[in-house]
Amino acid sequence: MAAKIRKGDRVEVIGGAEKGKRGEVLRVIPKQGRAVVQGVAIAKHHLKPRGLGQLGGIQEQEASIHLSNLMLIDPKTDSPTRIGFRTMADGAKARIAKRSGETIGS
């Protein structure tokens with residue numbers, strides 16, 4: 001099965017505490033059905049100093065968010081859209097935006 005959301009896509013969060021935020025997908029975790037989106041779901045990690053010269057502290061980084069809470073941004077209309085698939089003339093399978101019919105990505 002082809003993935004509907006891939007690394008590098010621009011997405012909008014449609015549910016949860018981060019609803020309405022937009023960002024780029026940094027990483028997709030298919031087995032868990034989750035993705036890490038830039039600037040969304042920031043979590044604080046408390047780090048203990050390990051070894052000489054290293055400092056401990058609080059580090060902020062993006063946590064994963066479930067794929068069901070994400071919608072791809074249509075490149076033509078700049079609004080959230082559902083994703084479909086179409087077989088091209090050369091036999092390749094391409095993702096399309098349901099809202100505008102535009103081909104998404106490469």
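Nothing in this text is a laboratory measurement; each read-out follows from the coordinates by a stated rule. Computed from a predicted model, the values in this text were never measured in an experiment. Positions of Cβ are backbone-derived with ideal geometry, glycine not excepted, and every protein chain shown enters the neighbour counts.
Numbers below:
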{"item": "Hits among lysines - C-alpha to C-alpha of Lys4 under 18 Å, sequence gap 8 or more where chains match", "result": "Lys31, Lys76, Lys93, Lys98"}
{"item": "Net charge of Cβ neighbours under 12 Å - reference His66; Lys, Arg +1; Asp, Glu -1", "result": "0"}
{"item": "Taking region 2-45 and dividing mean pair separation by its residue count, relative contact order in percent (alpha carbons under 8 Å, at least six apart)", "result": "30"}
{"item": "Label point distance in nm, Arg82-Lys4, each placed 7 Å from Cα along Cα→Cβ", "result": "0.8"}
{"item": "Semi-axis lengths, Å, the chain, gyration tensor of Cα atoms, sqrt of 5 times eigenvalues", "result": "34, 15, 11"}
{"item": "Distance (nanometres) between label positions extended 7 Å along Cα→Cβ at Lys98 and Gln59", "result": "3.9"}
{"item": "Residue order, fewest to most beta carbons within 10 Å, for Leu26, Leu55", "result": "Leu55, Leu26"}
{"item": "Lys, Arg +1 and Asp, Glu -1 on Cβ, resulting dipole of the chain about Cα centre, debye, nearest 20", "result": "300"}
{"item": "Placed amide H near Ile104: partners under 5 Å, 5+ positions off or other chain", "result": "Arg95, Ile96, Ala97"}
